[in-house]
Amino acid sequence: YISNAGAAVSKGTEFSSMVAPVPGLKLGLNIAYTEAYLTVDAPGLGGQQGDPLPSTPRFSGSTTLQYEYPLPHRLKAQFDSVWRYVGARNTDFPGSAAVGEPNYRLSSYSTLDFSAGIAQDRWTARLFVRNATDRYAYVFIVPAGGPDEPASNVILQPRTVGLIGLNI
């Protein structure tokens, strides 16, 4: 960061829970609410008292499902899924256009990941799919700084399929 905003407050609440309703099955839930804002003006950054802090979604959360069961020959099968949600957020302070850095309001997005694998004692093989729905979303935007500094946008990793093998 090039500059410091001075003073800010970040407060909120988070709930996280994991339950195992039957042997081998785990269900998880995480929900977060964050209220982060300036407590004083930051004129050099275009921020005013009460403005939300950049890159901070008000809501975020995830759910997880993990299932593992034994197979013959000391093998075990594993299945996982994760759904993640990131709420809408600003890339800068709302008034930052006055200092040359425009604020962009990034939309909320969610992703869905899956994996399945087999393991035995000291080795694991796992097939995974990240961002299974191939959701296209901006994670962050850095505006152009001039003709010699083009904008750089960070996008969510597109659908990715892979295989991991691990020998411990």
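Would you check if there is a residue in segment 41-58 being in a strand (DSSP E or B), out of contact with any Pro (no Cβ under 9 Å at 6 or more places or on another chain), open to solvent by less than 90 Å² (accessible area, probe 1.4 Å) and among the β-branched types (Val, Ile, Thr)? No, that holds for no residue. Just checking, how many residues over segment 111-138 are open to solvent by less than 50 Å² (accessible area, probe 1.4 Å) and farther than 20 Å from residue 79 by Cβ? Total meeting the criteria: 1. In segment 113-168, the qualifying residues are those that are modelled with pLDDT of 90 or more and of a type in the set (S, T, N, Q), and the one that is farthest from residue 25 (Cα to Cα) is 157. For residue 86, the stated conditions do not hold, so it cannot be described as surrounded by fewer than 17 Cβ atoms within 10 Å (Cβ to Cβ) and hydrophobic (A, V, I, L, M, F, W, C). Tell me whether segment 67-76 contains one or more residues that are among the charged types (D, E, K, R), surrounded by 11 or more Cβ atoms within 10 Å (Cβ to Cβ) and in contact (Cβ under 8 Å) with a residue 40 or more places away in the chain. Yes.
The values are calculated or read from the model by the stated rules, or taken from the named source; none is laboratory data. Computed from a predicted structure; not experimentally measured. Positions of Cβ are backbone-derived with ideal geometry, glycine not excepted, and every protein chain shown enters the neighbour counts. For accessibility, only protein heavy atoms count, side chains too; no ligands or nucleic acids. Shrake-Rupley method; radii C 1.70, N 1.55, O 1.52, S 1.80 Å.
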